[in-house]
Amino acid sequence: MAVEKMSIAKALNESLRLALDNDPKVLIMGEDVGKLGGVFRITDGLQKDFGEERVIDTPLAESGIVGTAIGLALRGYRPVVEIQFDGFVFPAYDQIVTQLAKMHARSLGKVKLPVVVRIPYGGGIGAVEHHSESPEALFAHVAGLKVVSPSNASDAYWMMQQAVQSDDPVIFFEPKRRYWDKGEVDTDSIPGPLHKAVTVREGSDLTLVAYGPMVKVCLEAAAAAREEGKSIEVLDLRSMSPIDFDAIQASAEKTGRVVVVHEAPVFYGSGAEIAARITERCFYHLEAPVLRVGGYHVPYPPARLEDEYLPGLDRVLDAVDRSLAF
Amino acid sequence: MTVESTAAARKPRRASKRTSAAKKPESAEPQLVQLLTPEGERVEHPDYSIDLSADELRGLYRDMVLTRRFDAEATALQRQGELGLWASLLGQEAAQIGSGRALRDDDYVFPTYREHGVAWCRGVDPTNLLGMFRGVNHGGWDPNSNNFHLYTIVIGAQTLHAAGYAMGVAKDGADSAVIAYFGDGASSQGDVAESFTFSAVYNAPVVFFCQNNQWAISEPTERQTRVPLYQRAQGFGFPGVRVDGNDVLACLAVTRSALERARRGEGPTLVEAFTYRMGAHTTSDDPTKYRADEERAAWEAKDPILRLRAYLEKEKFADDAFFTALDEESETLGKRVRETVRAMPDPDPMALFEHGYADGNSLVDEERAQFAAYQASFADSAEEGK
């Protein structure tokens, strides 16, 4: 058994190291990923150990990073690219959406594009604008992409392995404010598939559905609700595309009440998709409408207001109360 | 913005100057590498000598004639409603055949959507090019069988794929090269600039082959650039060369030289093939609305096929029997293209759900099952009606 306690950041670093070790075709690319080890140090030490040909500092051009990664993948490489922050992915959005996502289909399956796009995302670190956004729905809406986000160190470690091994492009959203949260990682025990949701807390009165940075908030909310005698189940989606609707359905039918929680704006967000599906699949099991807690339809606010914008414990508990009141 | 440029922007200007931004670049056709004049005279160039046998010259002529015939057939098929759209290469045969015949089998090509002549050189069956224009697929060939990537519609996107692929070639230690095709309009795209940056920084073995056909739909080259396009390369740190794009010999010689340079590990080259799109941008376009007849007439005098024919005849490299046989071959090709396109079936509806993901996807599985049940419901009701 190789169980080790490590931060999400360290787990990602170890996982990338393992990927580089396992497969000479794996490359790391991005701005500042080399000597600096990335602005969050996720690639710390990798260039030192694997060299500049495997861990590649790139020009400051996001479209170029993803576009050349596509070319490298066509040549047989498996690039893992880092976009420095969520708000900086948009110059690469065209390459991701019109090229990366579609080339497999366009070639009738003849070419595969095993590219991982790592994006540190979400708020809560007091950053300036364009450094705190949650654009996952924009990617999940695009066929051809997988979109995932780990919430803990073990998932960070294993989901990265699975993403690198995937023959499909994976948008890998890393919850940046959780980078320093520690958890146990069993480096021998391979978990379930990348697209499966996991029940991280059992409960019987209501289900909280979350992913990435919001899983921790939901676990805290469930613990607080327990003190008031409420039994809350927490489902960690892990994958936003595809979504494990079977797991959501099973939990919704068990508890009859669902609240979906994410940082991204509620409007047209992943919560809307989940709520609609639950209604379609288990209408007669529901005791209350599916509620959503998330960001507002405003630009991500300046840091001194982000606590108002981001769903916190109280907003989640308020939604729990509203659901239970039906 | 720098302090200087801010100051410059604030400087008052006369209104006439402000509105006359789109001045024609100073050199209309300077420094063209040319080996065959529009009259079919062979000329020498100090840097790009080429020595081809009569057989090879006839081969280039045949390629251009058959490509033009195929293109004409496809245009006709669009007019007959067999294709939804066609992007003609009429006038650009020399640029495509010259550069295409400079390639080795192990080189890799990233085309736009107009490289029918290059596809011909790569051995892609021309009828395969028509699937996407008929609407039955997004490209009907395996890119790796011919080292010819799928057509790319988003302008300039493929130049980055070429740069990345070339980075991979260099990593592999292979001595093949990569060529990226794009147009004068694409030169304005950020992706093209980024591909120049990446390939220069990593010294990637890639040739950027810009077919400057003077028009990006209705926008003339002077709306894309204030300097001759080949000069762009200098700012990125690699050579740029302008070649007579209607001269198949010069296109072959210049591309060959650029590819050899890439193979030697000396990095990218930008080749600007100065040519002309004789027809419309696509069959949806109407060039009479934005360009003068005289302009086309001037370029007709530089026709790439006529000038090689003049040379072949003058030097007695080809006789009447050759031209007659080629005419027959052209007709046979046209007939085959016609028949193949008309016989091209619509894809099976279930193909909607094929190939979205290599690894499969639970959402797609669910939707496929729903669609199959929906389709089956029609079959049931039809049977019930009997």
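The values are calculated or read from the model by the stated rules, or taken from the named source; none is laboratory data. This is a predicted model, so every value here is computed, not measured. Backbone-built Cβ (ideal geometry, glycine too); neighbour counts: all protein chains shown. Keep in mind that these areas ignore ligands, DNA and RNA; they rest on the heavy atoms of the full protein, side chains included. Shrake-Rupley method; radii C 1.70, N 1.55, O 1.52, S 1.80 Å.
Here are the numbers:
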| item | result |
| --- | --- |
| Calculated log₁₀ intensity ratio I(q)/I(0) where the Debye formula runs over C-alpha points of chain B, q = 0.10 Å⁻¹ | -0.71 |
| Convex hull of Cα atoms in region A:119-188, direction-averaged projection (nm²) | 5.3 |
| Distance between region A:1-73 and region B:190-204 - C-alpha centres, whole angstrom | 21 |
| Residues in region A:80-112 that, when all protein chains are in place, have 20 Å² or more less accessible area than the chain alone would give (probe 1.4 Å) | A:94, A:95, A:99, A:103, A:104, A:105, A:106, A:107, A:108, A:110, A:111 |
| Portion, in percent, of the accessible area of region A:251-294 that falls on carbon or sulfur, probe 1.4 Å | 55 |
| Estimated translational D of region A:208-306 in µm²/s (Stokes, Kirkwood radius over Cα pairs; 37 °C; 0.692 mPa s) | 233 |
| Sum of side-chain charges, residue B:370 neighbourhood, beta-carbon under 14 Å (Lys, Arg +1; Asp, Glu -1) | -1 |
| Region A:157-230 shape via C-alpha gyration tensor axes, a/c threshold 1.5 | prolate |
| Whole-number accessible area per residue in Å² for region A:32-165, which is evaluated in the context of all protein chains at 1.4 Å | 31 |
| A/B buried area, accessible surface, summed, 1.4 Å probe, Å² | 3500 |
| Extent along principal axes [Cα atoms of chain A; Å; largest to smallest] | 59, 44, 42 |
| Centroid-to-centroid separation of region B:328-367 and region A:184-215 [C-alpha atoms, Å] | 41 |
| Rg/Rh (Cα only; Kirkwood hydrodynamic radius) as it applies to region B:330-380 | 1.26 |
| Whole-percent carbon and sulfur share, accessible surface of region B:251-386, 1.4 Å | 53 |
| Spread of Cα-to-Cα distances over 10 Å intervals beginning at zero, given as percent, for region A:54-94 | 29, 58, 13 |
| Accessible area of chain B divided out per residue, in Å², using a probe of 1.4 angstrom | 45 |
| Spatial extent of the protein assembly as shown: Rg and Dmax, with the Cα atoms as the point set, Å | 29.2, 100 |
| Whole-Hz ³J(HN,Hα) from phi, Karplus 6.51 cos²θ - 1.76 cosθ + 1.60, for region A:42-55, glycine and proline x | 5, 9, 3, x, 6, 5, 4, 8, 10, x, 6, 7, 9, 10 |
| Fraction in percent of alpha-carbon pairs per bin - 10 Å, region B:270-378 | 10, 18, 21, 21, 15, 12, 3, 0 |
| Rounded to 5, the percent of DSSP beta bridges in the protein assembly as shown classed as antiparallel | 20 |
| Sum of -39500 (n - 2.57) over DSSP H runs of 4+, divided by residues of chain A (222 nm, nearest 500) | -10000 deg cm²/dmol |
| Pair residue A:224, residue A:188: separation of 7 Å Cα→Cβ label points (nm) | 4.0 |
| Volume per residue that the Cα convex hull of region B:300-358 spans, once the total is divided by residue count, Å³ | 186 |
| Chain B: DSSP helices with Cα axial extent of at least 24 Å and average Kyte-Doolittle hydropathy no lower than -1.0 | B:54-79, B:320-343, B:362-385 |
| Estimated FRET transfer efficiency when R0 is 56 angstrom, pair residue A:128-residue B:328 (beta carbons, to 0.05) | 0.20 |
| Environment charge of residue B:116, counting only residues whose C-beta is closer than 10 Å and scoring Lys/Arg +1, Asp/Glu -1 | -1 |
| Estimated D of region B:54-116 in µm² per second, where Rh is the Kirkwood radius over Cα pairs and Stokes-Einstein applies at 20 °C, 1.002 mPa s | 167 |
| Rounded if a/c under 1.5, otherwise prolate or oblate - region A:190-246, Cα gyration tensor axes | prolate |
| Residue B:223 paired with residue B:51, simple spin-label distance in nm, labels 7 Å along Cα-to-beta-carbon | 4.7 |
